[in-house]
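No value in this document is a laboratory result; all are computed from the given coordinates. These numbers were taken from a predicted model, which means no experiment stands behind them. Note that each Cβ is placed from the backbone with ideal geometry, even for glycine, and that neighbours are counted across all protein chains shown.
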Amino acid sequence: MSGDATRILVLNCGSSSVKYRLYAGRDAVAGGTVERIGESGGGPVNHEMALREVLAGLDLTGLTAVGHRVVHGGTLFAAPVLVDDTVVAAIQDLIPLAPLHNPANLAGIEVARQLLPDVPQVAVFDTAFHRTIPEAGATYAIDLAVAERFGIRRYGFHGTSHAYVSRRTAVLLDRPYEEINTISLHLGNGASACAVAGGLSVATSMGMSPLEGLVMGTRSGDLDPTIIFHLRREGGFAVDDIDDLLNYRSGLVGMTGDNDMRAVLRRRAEGEPAASLAFDVYSRRIKGYVGAYYALLGRVDAITFTAGIGEKSPEIRAASLAGLERLGIAVDPQRNAGRGDRVISPPEAEVAVCVVATDEELEIVEETVAVLEHRQLPAGTTQPVPEPERPKALS
Ligand code: ADP
């Protein structure tokens, strides 16, 4: 199968939306979003109707495969897979770990299988890239029997983005992917950091769920778990209210009322203290992870910013890495102000700081084609590696 001849439909089914993009080879030839699924006021009543609408509007002649984004692959999936009944049942079993996402992803798979019965369906998991994280990085320090019983461990998310971005970083630096160590910073509405050693994820900031780690648009990221007990005991909050507070009313929106970084930057520039504080909390958290992952990796070749904020905010990039010159990390103001995929550190800097536009859909296309061809993408792209190949210092 030649990569250029493939026609792949990428589906990303969320709880109330379906995002789709049709690719001929590596070119997106059609795409869009159906929103407000199941909501009153005119949207499609369910995912089946939404997908019927999407498929009816596309020229699917010669469709090679459908690549589905699936948020949670648990410990079962370390790579993308061809969907069959067993895979569907496994994704179903993982619903308790991703109650908002996996049911919608599954609905997309089931409807696509029904409507396109002769087309191979491939599931690409957000968690799969992180299956190479050593046990010491995936284990929470709690009673191990309790953890085992309830599936409590670090799974990590944004794997397709971190895989794509770290590979692109190697291309940008013209170095073999297997030889470089990268810290990848995905800063969108959701945000996560990932340490990638020789193409393998060895640490990531999102944990059992996408709530842990960096400050996000509406999520708190790291906090002391006692805050939850305190809100329950002293504040009388219900567990669901705390869940809602930390997932939807925290982070930038919690600190400023705005979940959009552009608004926060504007208000900071106008001298508003809450916006200024939110900016500082946000960038300080990133800096902390950069330091931690520097220590874990031992040697860092590149730090790469990606997603909406990472790609477009020179202020956040500069503030997050300010004062790290002793670690060989610096940002050149002129390069930082430029555009496109590029290196933004000074030429003599020991660590290359990069900006790379992420493309999770294209990564899903490449992984889907790789599954159909029974081929592995370059080292570590969601493929598990045999134990001895793991970086020794990190296991
Ligand atoms: P998602 O995670 O939903 O895919 P994106 O990757 O598009 O989100 O990132 C959304 C974030 O990017 C928002 O906080 C938005 O304010 C921010 N953003 C977009 N453009 C800019 C910009 N020019 N400067 C700073 N932040 C930006």
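Could you tell me how many cubic angstrom of Cα convex hull volume the chain has per residue?
It is 160 Å³ per residue.
If I take R0 = 51 Å and measure r between the Cβ atoms of Asn46 and Asp174 in this structure, what FRET efficiency does the formula 1/(1 + (r/R0)^6) give, to the nearest 0.05?
So, using R0 = 51 Å, E works out to roughly 0.60.
How many nm separate the modelled label positions at Asp84 and Ala357, each set 7 Å beyond the Cα in the direction of the Cβ?
Spacing of the two 7 Å Cα→Cβ label points: 4.0 nm.
Taking R0 as 41 Å, what's the FRET efficiency between Arg266 and Ala238 from their Cβ-Cβ distance, rounded to 0.05?
That gives a FRET efficiency of 0.70.
With a Förster radius of 35 Å, plug the Cβ-Cβ distance of Ala147 and Ser276 into 1/(1 + (r/R0)^6) and report the FRET value to the nearest 0.05.
0.35
Work out how much length Glu373 to Arg339 would gain on full extension: take 0.36 nm times their residue separation and subtract the Cα-Cα distance, in nm to one decimal.
Between Glu373 and Arg339, full extension yields an extra 8.7 nm.
Normalising by the residue count of segment 162-269, find the relative contact order in percent from Cα pairs under 8 Å and 6+ residues apart.
Relative contact order comes out at 18 percent.
Roughly speaking, what is the stretch gain from Thr33 to Ala136, that is 0.36 nm per residue apart minus the C-alpha to C-alpha distance, in nm to one decimal?
Contour length minus Cα-Cα distance gives 33.1 nm.
Bin all alpha-carbon pair distances of segment 179-330 at 5 Å intervals from 0 and give each bin's fraction as a whole percent.
Reading the bins upward from 0: 2, 9, 18, 21, 19, 14, 10, 6, 2, 0, 0.
Fewest to most neighbouring Cβ within 10 Å: what's the order for Tyr140, Tyr23?
Ranking Tyr140, Tyr23 by Cβ neighbours within 10 Å, fewest first, gives Tyr140, Tyr23.
What's the exposure ranking of Cys13, Cys194, Cys354, going from fewest to most Cβ atoms within 10 Å?
In order of increasing Cβ crowding within 10 Å: Cys354, Cys13, Cys194.
Enumerate the whole-percent occupancy of each 5 Å bin, from 0 to the last occupied one, for all C-alpha pair distances of segment 108-156.
5, 18, 17, 13, 11, 10, 11, 10, 5, 1
Relative contact order, percent, of the chain when contacts are C-alpha pairs under 8 Å separated by at least 6 residues?
Once normalised by length, the contact order is 16 percent.
Considering amide H positions built from the backbone, and no H for Pro or chain starts, which residues 5 or more places from Thr358, or on another chain, come under 5 Å of its amide H?
It is Ala307, by chain and number.
Taking the simple approach of a point 7 Å from Cα along Cα-to-Cβ for both Ser16 and Gln92, what is their distance in nm?
It works out to 2.7 nm between the two label points.
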